[in-house]
Each structure stands twice: as C-alpha cells, then as structure tokens.
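Structure first, then comments.
The values are calculated or read from the model by the stated rules, or taken from the named source; none is laboratory data. This one's a predicted model, so the numbers in the text were calculated from it and none came from an experiment. Cβ placement follows ideal geometry from the backbone for every residue including glycine, while neighbour counts extend to all protein chains displayed. For accessibility, only protein heavy atoms count, side chains too; no ligands or nucleic acids. Shrake-Rupley method; radii C 1.70, N 1.55, O 1.52, S 1.80 Å.
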Amino acid sequence: MSASELAPGSKLRHPKFGTGMILSIEDGYYKIYFYQSEEIKTLARDYEGFEVEEAKVLDFPMLTMRDVERAIREALAATSERAPIVPLGGKWIGGQVVFEPNDQNLAVKEIPMEAFFHKIVMVREKLRVLEQNINNHPKLDDEDRVHLQQYITRCYGSLTTFNVLFAYKEDQFKGSGGKA
C-alpha cells in the first residue's frame, strides 16, 4: 500500500518530524499528529519520504468537510422553521403598523410592516405544520381529525383580514368558505 492511500489512524515515520499518526485526509493532503513535537502538520499525500509503520484501510467511504457541511445544510433546511418566501404587497413595503391606545398616557407602538407580515406568514406556516401533524397522527381517528381540522379552518378564516397584505392571491388565507 502506498503512503498516498492511507486512512486516518495510520502511523508513519517522517525523516524530519519522526513518527506521526494521520488524523484526517483532505484533497491531496494528510493532517498528521507528530508525537515528538506534539504538533499537527499538513503534508502532501504523495510525499515519498514517508515510511509506513502501521497502515489502516478505510472500511467506509471517506467524508470530506464539504460532505459534512452539505449534510448540515440539508438537515437545517429540513428542520427549519423558516417560512417560504411570500412577498408583501408592494403598497405596504416600507410601511408601519401603528397600535394607538385609547389612553393618551400610553405610548403608541409602531412595527415595521415587513416584520408584522413575517409574523403573520409564520403563523400560517405553523398552522400548516399542525395540520400535517394532525393528518399523520397515528392515534387520531378520522372523527378526531375532522374535528381538529375544523378548528384550523376557522383559524384560517379569522386570519383572512390580513389578506390585503399579500402580493399574490394564491398566498392568501382561505377560511371555510374557500374564498380569500
């Protein structure tokens, strides 16, 4: 076995740094921990001055950092609570939602329209997830599912007031009447 085909855990001897153990493999390089200097060095895999003392062979596919990053990104995307991009109607962009109390001693509360709209979209997405969980729940019978679905439909109906904020009709809330 050549020194360029070793797996992590393999031990080798370098003429200058002494005995070391391969910690990881990256593209054309090894990261090697050298015992004598207690240092980790990055050295080319095709270096011919290595003397292999104990060869380890991969018994599984080698993961690169890129593979790990991609897996993390995919897992985050799959479990994320980020709402899909739903555009705010153009006439509302840059606007404010103003809550003005009847009591003049209390402060007015202003929220950027984009933040308010985002919260409404998040409520919708959470209702959709709840709907999926109800539909797929193993312990609910059909009658329970229908009963809970009716509550969710009424929630959607209560939120139709906010349909004026959506840029596109297909993104709007629909109650039991089915119309936006």
Longest the chain segment clear of GluC sites (Glu not before Pro) sitting in DSSP loops (not H, G, I, E or B) with at most 12 other Cβ atoms within 10 Å runs 82-180
From most to least accessible, 1.4 Å probe, no ligand or DNA/RNA atoms counted, 14, 147 line up as 147, 14
The farthest towards the positive end of the charge dipole of the range 65-161, of the residues 107, 157, 65, given +1 on Cβ of Lys and Arg and -1 on Cβ of Asp and Glu, is 65
Shape call for the chain, from the Cα gyration tensor axes a ≥ b ≥ c (a/c under 1.5 means rounded, otherwise prolate when a/b beats b/c, else oblate), comes out prolate
Given unit charges at Cβ for Lys, Arg (+) and Asp, Glu (-), the dipole magnitude of the chain about its Cα centre in debye, nearest 20, is 660
Farthest towards the positive end of the dipole of the range 89-155, among 96, 123, 146 and with Cβ unit charges of +1 on Lys and Arg and -1 on Asp and Glu, lies the Cα of 96
In debye to the nearest 20, the charge dipole size for the range 90-180, taken about the Cα centre with +1 at each Lys and Arg Cβ and -1 at each Asp and Glu Cβ, equals 180
A student asked for the Cα radius of gyration and Dmax of the range 100-180 in angstrom ought to give 16.4, 53
Counting as exposed only trypsin sites (Lys or Arg not before Pro) in DSSP loop states with no more than 12 other Cβ atoms inside 10 Å, the longest exposed-site-free span of the chain is 17-81
Of every hundred units of 1.4 Å-probe accessible area on the chain, the number belonging to carbon and sulfur atoms, as a percent, is 54
The range 102-176 and the range 40-58 have their Cα centres apart by a whole-number Å value of 59
Here the membrane-span-like helices of the chain, with no claim about any membrane, defined by DSSP H, Cα axial extent at least 18 Å and mean Kyte-Doolittle at least -0.5, are 65-79, 113-136
